[in-house]
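Since the structure comes first, as structure tokens, the remarks are kept for the end.
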Amino acid sequence: MKIISFNVNGLNSAISKGLLNFIEDEKPDILCLQETKCQNKILTLNTYYSYWNFSNKGSFSGTAIFTKYKPINVYYNFEDDFNVEGRIITLEYHKFYLINVYIPNSKSNNIRLDYRMEWDDRFFKYILKLENNKPVILCGDFNVAIKEDDTNQKESVFLNNEVIEFISLIDSGFIDTFRYKHGNIKNAFTWWNVNVGNKELNIGSRLDYFLVSNYFKKYINDSVLKSDINISDHCPIMLDIGVNTD
């Protein structure tokens, strides 16, 4: 199964920059999008079921999943109304859960740090609760670089408590599929501040991840960062995993 995750930084913008050609070339089994910034289902793909979660703040945040395989259940939030920014979609299949997520950014001056920490806490508890039932494939933009090798920005914008939260998820038994397949490779990023030419200089951070339950370890064929794709300030990431939905 081929799964692609992509923070498009505005779906309309991404479509105008060649997103449809990218999808046609890649032909993923499942496509997970973050930061769609729309309030309507503005994209239809033949042979795919689509699921959308919109923010209550208008053209902000938002997630979508396109899948060739109809899930048995779809969940759009946690078990309460805390998540109102369209940041998560969970598809339940017979053998696993697939979670597409766009984790909040703490923003400059940490004005959303408290919200981010509360969100992380609830989200990680939600993941672990699901995993008690069946394995989980988790993808999206986590808005944090977990290791020193995951960023070469001169001044790190990532806070220690954000990193600790992320590491706690890894320590609970989840696998960072890119590091699992490619070790401690350096200068492998998924986000660049394109406004100041950092993409050309490869000054960036790895913010986008595929994490999977340890159960899937032997089924991971490859995990790739498609840094040559210039549609967003992020690049797509791809997971090739030897499982099916039945």
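What follows is calculated from the coordinates using simple rules that are stated; it is not laboratory data. Everything quoted here is computed from the prediction, not taken from an experiment. Reconstructed Cβ throughout: ideal geometry from the backbone, glycine too, with neighbour counts over all protein chains shown.
In deg cm²/dmol, rounded to 500, what helix-only [θ] at 222 nm does the chain give when every DSSP H run of at least 4 residues adds -39500 (n - 2.57) and the total is split over its residues? Walk me through the numbers before you get to the answer.
Details: 6 runs with 55 residues, N = 246.
Rounded to the nearest 500, it is -6500 deg cm²/dmol.
Explain nothing, just the number: relative contact order of segment 2-145, from Cα pairs under 8 Å at least 6 residues apart, as a whole percent. The partial results should precede the final answer.
Details: 283 pairs, mean separation 29.5, N = 144.
Worked out over segment 2-145, it gives 21 percent.
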29 Å Cα-Cα reach of Lys125 towards lysines, excluding residues that sit fewer than 8 places from it in its own chain:
Lys2, Lys37, Lys57, Lys68, Lys70, Lys95, Lys107, Lys134, Lys147, Lys181, Lys217, Lys218
Which aspartates and glutamates, if any, have their Cα less than 20 Å from the Cα of Lys186, not counting same-chain residues under 8 positions apart?
Asp141, Glu148, Asp149, Asp150, Glu155, Asp176, Glu200, Asp208, Asp222, Asp228, Asp233
Counting alpha carbon pairs within less than 8 Å and at least 6 residues apart, what relative contact order, in whole percent, applies to segment 115-246?
27
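With the Cα gyration tensor of segment 2-241 giving a ≥ b ≥ c as the square roots of its eigenvalues, does the rule (a/c under 1.5 for rounded; else a/b larger than b/c for prolate; else oblate) give rounded, prolate or oblate? Kindly include the intermediate steps, with their values, before the conclusion.
Working: a/c = 1.16, a/b = 1.07, b/c = 1.09.
Here segment 2-241 falls in the rounded category.
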Scanning the chain for GluC sites (Glu not before Pro) in DSSP loops with at most 14 other Cβ atoms within 10 Å, what's the longest stretch left with none?
156-246
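Over the chain, what is the relative contact order in percent, taking alpha-carbon pairs closer than 8 angstrom and at least six residues apart?
Values: 520 pairs, mean separation 49.0, N = 246.
Averaging sequence separation for qualifying contacts and normalising by length gives 20 percent for the chain.
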Surrounding net charge for Asp176, when Lys and Arg each add one and Asp and Glu each subtract one, Cβ distance under 10 Å:
+3
